[in-house]
Structure formats: C-alpha cells, structure tokens
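Undergrad: Sharing a structure here in structure tokens format.
The values are calculated or read from the model by the stated rules, or taken from the named source; none is laboratory data. Since this is a predicted model, take the numbers as computed values, not measurements. Please note: Cβ atoms are built from the backbone with ideal geometry, for glycine as well, and neighbour counts cover all protein chains shown.
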Amino acid sequence: MNTRTLGKTGFKVSEIGLGCWQLGNDFGPVEDKEANAILQTAVDHGISFFDTADVYGGGLSEQRIGQWRRALTTPPIIATKVGRDAALYPDGYSKASLKKSLQASAKRLGVEAIDLAQLHCVPREVLFAGDILTWMEDLKQEGVIKHFGASVEMLDEAKFCCEHPEIASLQILFNVFRQDAVESLFPIAEKNNVGIIVRLPLASGLLSGKMRSDHVFNEHDHRSYNKDGAAFHVGETFNGIPFKKGVALVDSLKNKLPDNQTVLDVSLRWILDQPQVSSIIAGASHSSQVIRNAGVSSLPPLSKETHQLLGDFYREQVRMEIRGGI
C-alpha cells in the first residue's frame with residue numbers, strides 16, 4: 001500500500017482509505033463480528049486512514065471503531081465529521097455546540113483529541129459566513145482536535161474553504177463521473193497545501209460495474225430513499241445521476257475499455273493518478289471488498305489514451321446528466 005501526505009496535517013496516510021458509513025448500519029445491518037473483520041482486514045492490507053461521522057448510525061460507527069482500536073498498538077489515523085447532528089443542523093451552530101459534539105465523538109472513538117475533524121456538509125450560508133471555520137480554529141488551539149477540514153458538496157464551497165489558512169483537508173465528491181475538480185479546484189488545493197480526500201469514488205457503487213437497472217436496495221440504504229434527493233443532497237447518491245441512466249452509462253463505458261481492464265480498477269486508478277489526491281475513502285460491506293479496493297494501490301498508472309477516453313466520455317455523455325450542480 002502506497003502512502004501520501006494529507007495536506008497540512010503532515011500525516012502519512014494510505015492512498016486507499018476506508019469509508020465507515022456502512023458501520024453505522026445505514027446501508028442495512030452489519031453484525032459486530034463483520035464490522036470488526038472489515039476494520040481488521042483494512043489494517044492487514046495496509047490501510048491506515050479511516051473516515052467516519054457522528055451521525056453514522058447515531059454514533060455507532062464511531063463507537064465500533066473506538067472499541068476495535070483499543071487493542072491496536074499502532075492505531076490508524078481516524079477522521080470524523082461534525083455538523084449534521086440534529087443538535088446543530090440546520091440552525092443550531094455555535095462554538096459551544098461544535099465543541100460538545102466533537103467531545104462526544106472523541107469519547108466514542110476513545111481518543112483525547114481527534115486526528116482530523118471535518119465540517120460535515122454544513123449549510124452553505126453557515127459555511128460562507130465564515131464563523132464556523134474560526135470556531136474550528138479555536139477548538140484546534142484548545143486541543144479538542146489536532147487538525148480540521150471540511151466535507152463539502154459543491155466546488156464553490158471547496159474553493160472557499162481552500163482560502164482559509166488553517167484548513168488541512170477537503171473531502172469532495174470526485175470520480176470518473178464527476179471530473180471538474182481536476183481543473184477548477186486541484187491547482188488551488190495544491191498551492192495552499194490542502195489535502196484532497198475523495199468520497200463516493202465509485203458513485204454509490206455504479207462504477208463497481210456490477211449493478212443492474214432492476215436492482216432493489218435495502219429500504220434503509222440511501223440508494224433507495226435518496227435516489228432523487230428526497231432526504232439530502234441528490235449528488236450524494238449515484239453522483240446525482242438517475243440510477244437507470246447511470247447503469248446504462250457504465251455499460252457503455254465497459255464496452256470502450258480494453259478487455260483486461262475493469263470499470264472498478266480503472267475508476268479507482270484514475271483517481272489515484274491525480275497527484276493532489278491524498279486518499280480515497282472507499283466503503284466496504286464485506287472484507288473481500290476491502291481487499292479488492294486496497295489492491296488498486298499496486299496497479300500502474302493509466303495510459304494517456306485511457307485518460308483521454310475517460311475525459312471525453314465524461315464531457316460528452318456524463319456531465320449533462322448530473323443533477324444538483326457540481
């Protein structure tokens with residue numbers, strides 16, 4: 001597993017990380033035994049960066065990570081997120097409420113100070129007002145957190161955050177089906193030493209290449225109840241692309257790739273070929289998926305021809321299908 005530096009944190013993190021939303025049972029039930037197996041398999045295969053949030057399972061994801069990490073002699077870097085809990089969202093934001101939420105996360109994770117705390121897609125008006133970034137800076141000075149970043153939905157939000165001198169990282173939607181950040185954000189992030197954490201690298205599983213248009217998702221899975229943005233931002237589910245259209249686009253892409261390349265491998269490797277990316281947080285519901293994702297770190301960079309193919313495909317067939325803005 002290759003490592004990269006995570007922006008201003010200076011942390012060396014695995015370029016394939018583990019997204020832990022599923023450990024909150026938010027995609028369907030995951031037993032404790034399987035949750036522990038997923039976490040341990042990740043470490044066994046070189047993954048040293050884990051991403052969670054206080055709202056994943058109402059704290060269950062953080063709690064499971066905290067219980068598991070106690071037995072480790074060298075714990076991984078753990079990032080969590082704050083700002084979507086009902087005590088804050090949508091209009092309860094204050095320095096005191098942020099501090100209380102972060103201290104609760106630290107307790108569940110079993111740490112004195114959180115490695116990386118990220119604002120969790122807070123309302124645009126709250127973010128752009130700027131006070132919340134100052135509060136996070138204060139909480140860093142107070143030792144509640146070691147570093148802070150932001151998880152955002154739109155590129156203008158990401159560029160705004162990049163200008164704050166203490167922002168260490170940005171977590172963004174970025175994949176083969178959402179490529180605009182390469183030109184509009186990454187040069188700014190690189191200039192300001194802001195690490196890029198990529199979420200939804202497979203567009204909610206579309207780019208695994210295994211989905212069919214008649215697939216039925218668990219009722220607790222956001223891919224069932226948020227496919228059209230009914231619960232939160234539409235871009236967080238299937239990249240904002242209507243599901244059946246997304247499956248058709250993936251099928252079309254499969255036919256354009258060489259026989260020895262899978263959509264999943266190409267999709268993850270394409271992200272790693274962007275030098276500004278620090279880590280991809282790929283989710284996994286089974287240990288086998290962790291192993292599969294981790295293996296992409298050892299693949300060679302894609303050819304210039306493949307990069308050109310993917311860029312043309314995005315601009316000509318995908319970009320106009322994305323709902324909710326970019």
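So that you can scan it fast, the table gives a plain yes or no per residue for (1) touching a His at 6+ places or on another chain (Cβ under 8 Å); (2) surrounded by fewer than 23 Cβ atoms within 10 Å (Cβ to Cβ):
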{"residue": "3", "(1), (2)": "no, yes"}
{"residue": "10", "(1), (2)": "no, yes"}
{"residue": "14", "(1), (2)": "no, no"}
{"residue": "21", "(1), (2)": "no, yes"}
{"residue": "24", "(1), (2)": "no, yes"}
{"residue": "27", "(1), (2)": "yes, yes"}
{"residue": "30", "(1), (2)": "no, yes"}
{"residue": "36", "(1), (2)": "no, yes"}
{"residue": "44", "(1), (2)": "no, yes"}
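Undergrad: Sticking with this one: What is the one condition in (1) surrounded by 21 or more Cβ atoms within 10 Å (Cβ to Cβ); (2) acidic (Asp, Glu); (3) out of contact with any strand residue (DSSP E or B) (no Cβ under 8 Å at 6 or more places or on another chain) that residue 112 does not satisfy?
TA: If we test residue 112 against (1) surrounded by 21 or more Cβ atoms within 10 Å (Cβ to Cβ); (2) acidic (Asp, Glu); (3) out of contact with any strand residue (DSSP E or B) (no Cβ under 8 Å at 6 or more places or on another chain), just (1) comes out false.
Undergrad: Kindly state which helices (runs of 4 or more DSSP H) lie completely within the stretch 128-210 and contain at least 3 residues that are more than 20 Å from the chain's Cα centre (by Cα) and within 26 Å of residue 102 (Cα to Cα). Write out each step before concluding.
TA: On the way: elements: 131-141, 155-162, 181-184, 186-191.
Output list reads 131-141.
Undergrad: Here is a check on your reading of the model: is residue 40 within 21 Å of residue 288 (Cα to Cα), modelled with pLDDT of 95 or more, surrounded by fewer than 20 Cβ atoms within 10 Å (Cβ to Cβ) and out of contact with any helix residue (DSSP H, G or I) (no Cβ under 6 Å at 6 or more places or on another chain)?
TA: On the way: within 21 Å of residue 288 (Cα to Cα): yes; modelled with pLDDT of 95 or more: yes; surrounded by fewer than 20 Cβ atoms within 10 Å (Cβ to Cβ): yes; out of contact with any helix residue (DSSP H, G or I) (no Cβ under 6 Å at 6 or more places or on another chain): yes.
It is true that residue 40 is within 21 Å of residue 288 (Cα to Cα), modelled with pLDDT of 95 or more, surrounded by fewer than 20 Cβ atoms within 10 Å (Cβ to Cβ) and out of contact with any helix residue (DSSP H, G or I) (no Cβ under 6 Å at 6 or more places or on another chain).
Undergrad: Of everything in the stretch 291-309, what is in contact with a helix residue (DSSP H, G or I) (Cβ under 6 Å, 6 or more places away or on another chain) and either free of Cβ contacts under 8 Å to residues at least 40 places away in the same chain or closer than 29 Å to residue 229 by Cβ (or both)? Give them in sequence order.
TA: Hits for the stretch 291-309 are 299, 302.
Undergrad: Same structure again: Looking at the stretch 212-241, which of its residues are part of a loop (DSSP other than H, G, I, E, B), under 21 Å from residue 325 (Cα atoms) and small (Gly, Ala, Ser)?
TA: 229, 230, 231, listed by residue number.
Undergrad: Then there's this: For the list (1) out of contact with any Ser or Thr (no Cβ under 9 Å at 6 or more places or on another chain); (2) of a type in the set (Val, Ile, Thr); (3) within 24 Å of residue 222 (Cβ to Cβ), I need the number of the one condition that residue 73 fails.
TA: (3)
Undergrad: Here is a follow-up. Which ones in the stretch 7-27 are farther than 21 Å from residue 67 by Cβ and in contact (Cβ under 8 Å) with a residue 60 or more places away in the chain?
TA: Of all residues in the stretch 7-27, those farther than 21 Å from residue 67 by Cβ come to 7-16.
7, 8, 9, 11, 13, 14, 15, 16 - these are the residues of the stretch 7-27 that are farther than 21 Å from residue 67 by Cβ and in contact (Cβ under 8 Å) with a residue 60 or more places away in the chain.
Undergrad: Which residues, taken from the stretch 274-326, are within 30 Å of residue 35 (Cα to Cα) and of a type in the set (D, E, K, R)?
TA: Selection gives 292 alone.
Undergrad: Sticking with this structure for a sec: Assuming residue 218 fulfils every condition listed in (1) in contact with a Ser or Thr (Cβ under 8 Å, 6 or more places away or on another chain); (2) surrounded by 15 or more Cβ atoms within 10 Å (Cβ to Cβ) apart from one, which condition is it?
TA: Only one criterion in (1) in contact with a Ser or Thr (Cβ under 8 Å, 6 or more places away or on another chain); (2) surrounded by 15 or more Cβ atoms within 10 Å (Cβ to Cβ) is unmet by residue 218, namely (2).
Undergrad: Also, quick follow-up: Would you call residue 160 among the aromatic types (Phe, Trp, Tyr) and either free of Cβ contacts under 8 Å to residues at least 12 places away in the same chain or surrounded by fewer than 19 Cβ atoms within 10 Å (Cβ to Cβ) (or both)?
TA: Answer is yes for this residue.
Undergrad: Tell me, which helices (runs of 4 or more DSSP H) wholly within the stretch 251-320 include 2 or more residues that are touching a Leu at 6+ places or on another chain (Cβ under 6 Å) and surrounded by 15 or more Cβ atoms within 10 Å (Cβ to Cβ)? If you could, list the steps in order and put the result at the bottom.
TA: Details: elements: 263-272, 287-294, 304-313.
By residue number, 263-272.
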